[in-house]
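Enquirer: For reference, the structure I am asking about is given below.
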Amino acid sequence: MTMTIEQAEWFAGTFEKLVANVGQAVLGKEHVIRLTFTAMLAEGHVLFEDAPGTGKTSLARALAATVQGSNNRIQFTPDLLPSDVTGVTIYDQKTQKFEFHKGPIFNNIVLADEINRASPKTQSALLEVMEESRVTVDGVTYSAGRPFMVMATQNPIEQAGTYRLPEAQLDRFLIKTSIGYPDHASTVRLLGGSNLKDRSKELSAVITTQAVADMADLAATAHVDTAVLEYISRLCEETRNAPETRLGVSVRGALAMVRAAKVWAAAQGRNFVLPDDIKELASVVWTHRFVMDPEAEFSGATAEAVLTRILADVAAPQQRTNA
């Protein structure tokens, strides 16, 4: 059943309340907050490529406080083991049974800090849980629950002692973005409230985790016209055929765009997706999935420039005013 106009208006109103609440803790970053909530409600994950000290931990805590969810931070290091992330099975001598002790991944919001500092083996521990929201240990499967979102960070400046994220893992991030430094006015407000070490503690919950899951289910019912789906498919094909790329957007990337666009549309009070929604989200949803040709990259080609050209070349379908 397709979302009704009334449901879309309720969704948009609730979405605005969520964004405004987190905005009290993360000042001057409304667009980034919107993208992060879009990923949460599309049941995806976010990769932040940022310098240290830009508010990524504060954002994760504020999100969790807003939805009455649990959160945990995992500091990825070269000696971190997969079991340190997912958990481990331990033999209990009293009960003479093996018991599974859940790792920090079993939280609603997980901040994977400096994810590229962990070994590929440890990074691979996230593949199953990010794709299927579950963890399998010793043949037993455990659900990660709903909502579940990984907010991973990597430092774009310091590359010593890091491991490049493989394409299979990058493809599992719905959105890649950057928080960046706040503007002058927001910085002054932050400095004026320097006595508040954790602004998220001052936040009140807006909705429950169950309500978040219900919103995700509702957003999934937004209407996407066949013409818009064909538009997405053509864009993906063009990214694969571009001479500057070795790999373009995968089928997973195309599906991610559909899910994100549905949430983006509902957050604006619409029960249908427009081509403009695709254009607005294309950069943050798709560019990190490109594998650029080394020669083209050496000549100055970038994923953003390639995508911009493709968006200009591929004609968008005529927009409709209703579903």
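Enquirer: Could you pull out every one of the helices (runs of 4 or more DSSP H) wholly within the range 235-310 that has 1 or more residues that are touching a helix residue (DSSP H, G or I) at 6+ places or on another chain (Cβ under 8 Å) and over 24 Å from T2 (Cα atoms)? Reasoning before the result, please.
Expert: Numbers: elements: 251-266, 275-286, 294-298.
Counting at least 1 such residues, we get 275-286.
Rundown of residues vs (1) open to solvent by less than 40 Å² (accessible area, probe 1.4 Å); (2) in contact with a Lys or Arg (Cβ under 7 Å, 6 or more places away or on another chain); (3) farther than 29 Å from A125 by Cβ; (4) of a type in the set (K, R), yes/no style:
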{"residue": "S200", "(1), (2), (3), (4)": "yes, yes, no, no"}
{"residue": "V206", "(1), (2), (3), (4)": "no, yes, yes, no"}
{"residue": "R240", "(1), (2), (3), (4)": "no, no, yes, yes"}
{"residue": "P243", "(1), (2), (3), (4)": "no, no, yes, no"}
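Enquirer: Search the range 126-144 for residues being part of a helix (DSSP H, G or I) and under 21 Å from T57 (Cβ atoms), and hand back the single one that is modelled with the lowest pLDDT.
Expert: Taking the range 126-144 and keeping what is part of a helix (DSSP H, G or I), we get 126-132.
Add one more test, that the residue is under 21 Å from T57 (Cβ atoms), and what stays is 126, 129-130.
Working: L126: 89, V129: 92, M130: 92.
The qualifying residue modelled with the lowest pLDDT is L126.
Enquirer: Same structure, new question: Of everything in the range 165-213 that's charged (D, E, K, R) and farther than 20 Å from A20 by Cβ, which residue is modelled with the highest pLDDT?
Expert: Here is the first cut: in the range 165-213, the ones charged (D, E, K, R) are 167, 171-172, 176, 183, 189, 197-199, 201-202.
In the following step, the residues that additionally are farther than 20 Å from A20 by Cβ were identified as 167, 171-172, 176, 197.
On the way: E167: 85, D171: 91, R172: 92, K176: 96, K197: 76.
Applying the filter and picking the extreme gives K176.
Enquirer: Which condition does T122 not pass, out of (1) surrounded by fewer than 17 Cβ atoms within 10 Å (Cβ to Cβ); (2) of a type in the set (S, T, Y); (3) not in a strand (DSSP E or B), if it passes all the others?
Expert: Here T122 meets the rest and fails (1).
Enquirer: Please specify each residue of the range 145-169 satisfying the condition of being in contact with an Asp or Glu (Cβ under 9 Å, 6 or more places away or on another chain), among the polar types (S, T, N, Q) and farther than 15 Å from T54 by Cα.
Expert: Of everything in the range 145-169, just one residue is in contact with an Asp or Glu (Cβ under 9 Å, 6 or more places away or on another chain), among the polar types (S, T, N, Q) and farther than 15 Å from T54 by Cα, namely T162.
Enquirer: Something else about it: Given the criteria closer than 28 Å to G269 by Cβ, open to solvent by less than 80 Å² (accessible area, probe 1.4 Å) and in contact with a Phe, Trp or Tyr (Cβ under 7 Å, 6 or more places away or on another chain), does V67 qualify? Explain how you work it out, then say what you get.
Expert: Working: closer than 28 Å to G269 by Cβ: yes; open to solvent by less than 80 Å² (accessible area, probe 1.4 Å): yes; in contact with a Phe, Trp or Tyr (Cβ under 7 Å, 6 or more places away or on another chain): no.
No.
Enquirer: Next up: If a residue has to be touching a helix residue (DSSP H, G or I) at 6+ places or on another chain (Cβ under 8 Å), among the polar types (S, T, N, Q) and open to solvent by 30 Å² or more (accessible area, probe 1.4 Å) to count, how many in the range 132-154 make the cut?
Expert: The qualifying residues number 1.
Enquirer: Right, another one. For the range 216-232, what are the residues that are open to solvent by less than 50 Å² (accessible area, probe 1.4 Å), without any contact (Cβ under 8 Å) to a residue 60 or more places away in the chain and not in a loop (DSSP other than H, G, I, E, B)? Spell out how you get there, then give the answer.
Expert: Taking the range 216-232 as the starting set, the residues that turn out to be open to solvent by less than 50 Å² (accessible area, probe 1.4 Å) are 216, 218-219, 221-222, 224-225, 227-228, 231-232.
Narrowing further to those that are without any contact (Cβ under 8 Å) to a residue 60 or more places away in the chain: 224, 232.
Listed by number, the list holds a single entry, I232.
Enquirer: Next up: Which residue pairs have Cβ atoms closer than 8 Å, lie 6 or more positions apart in sequence or on different chains, and pair a first residue in the range 31-59 that is at positive phi with a second residue that is in a helix (DSSP H, G or I) and surrounded by fewer than 20 Cβ atoms within 10 Å (Cβ to Cβ)?
Expert: So the pair list comes out as E43/A216.
Enquirer: Looking only at the range 86-122, how many residues end up being closer than 25 Å to I157 by Cα and touching a strand residue (DSSP E or B) at 6+ places or on another chain (Cβ under 9 Å)? Steps first, answer last, please.
Expert: First pass over the range 86-122, keeping only residues closer than 25 Å to I157 by Cα: 110-122.
From the residues that got through so far, the ones that are touching a strand residue (DSSP E or B) at 6+ places or on another chain (Cβ under 9 Å) too are 110-118.
Total satisfying the criteria: 9.
Enquirer: Still on this structure, please answer the following. What pairs come up if the first residue lies in the range 135-156 and is among the small types (G, A, S), the second is loosely packed, with under 15 Cβ neighbours inside 10 Å, and their beta carbons are under 8 Å apart, counting only those six or more places apart or on different chains?
Expert: Pairs that qualify, where the first residue is among the small types (G, A, S) and the partner is loosely packed, with under 15 Cβ neighbours inside 10 Å, are S143/R134; A144/R134.
Enquirer: Give me the residue from the range 248-264 that is in contact (Cβ under 8 Å) with a residue 60 or more places away in the chain and either under 19 Å from A12 (Cα atoms) or among the hydroxyl-bearing types (S, T, Y) (or both) and, out of that set, surrounded by the fewest Cβ atoms within 10 Å (Cβ to Cβ). Give the steps one after another, and end with the answer.
Expert: Within the range 248-264, the first condition is being in contact (Cβ under 8 Å) with a residue 60 or more places away in the chain, and the residues that meet it are 250, 252-253, 256, 259-260, 262-264.
From what is left, the residues that are either under 19 Å from A12 (Cα atoms) or among the hydroxyl-bearing types (S, T, Y) (or both) are 250, 259-260, 262-264.
Details: S250: 17, R259: 22, A260: 26, K262: 27, V263: 30, W264: 27.
Per the criteria, the residue is S250.
Enquirer: So, one more: When you go through (1) open to solvent by 10 Å² or more (accessible area, probe 1.4 Å); (2) under 30 Å from A65 (Cβ atoms) one by one for V129, which number turns out not to apply?
Expert: Against the list (1) open to solvent by 10 Å² or more (accessible area, probe 1.4 Å); (2) under 30 Å from A65 (Cβ atoms), V129 comes up short only on (1).
Enquirer: Quickly run through the range 170-217 and pick out the residues that are over 15 Å from M149 (Cα atoms), touching an Asp or Glu at 6+ places or on another chain (Cβ under 6 Å) and small (G, A, S).
Expert: S178
Enquirer: Is it the case that V46 is surrounded by fewer than 23 Cβ atoms within 10 Å (Cβ to Cβ), of a type in the set (A, V, I, L, M) and either touching a Leu at 6+ places or on another chain (Cβ under 6 Å) or under 20 Å from M215 (Cα atoms) (or both)?
Expert: Working: surrounded by fewer than 23 Cβ atoms within 10 Å (Cβ to Cβ): no; of a type in the set (A, V, I, L, M): yes; either touching a Leu at 6+ places or on another chain (Cβ under 6 Å) or under 20 Å from M215 (Cα atoms) (or both): yes.
For V46, the condition - surrounded by fewer than 23 Cβ atoms within 10 Å (Cβ to Cβ), of a type in the set (A, V, I, L, M) and either touching a Leu at 6+ places or on another chain (Cβ under 6 Å) or under 20 Å from M215 (Cα atoms) (or both) - is not met.
The values are calculated or read from the model by the stated rules, or taken from the named source; none is laboratory data. These figures come from a predicted structure and were not determined experimentally. Heads up, the Cβs are rebuilt from the backbone with ideal geometry, glycines too, and the neighbour counts pull from every protein chain shown. Accessible surface is based on the protein model in full, side chains and every heavy atom, while ligands, DNA and RNA are left aside. Shrake-Rupley method; radii C 1.70, N 1.55, O 1.52, S 1.80 Å.
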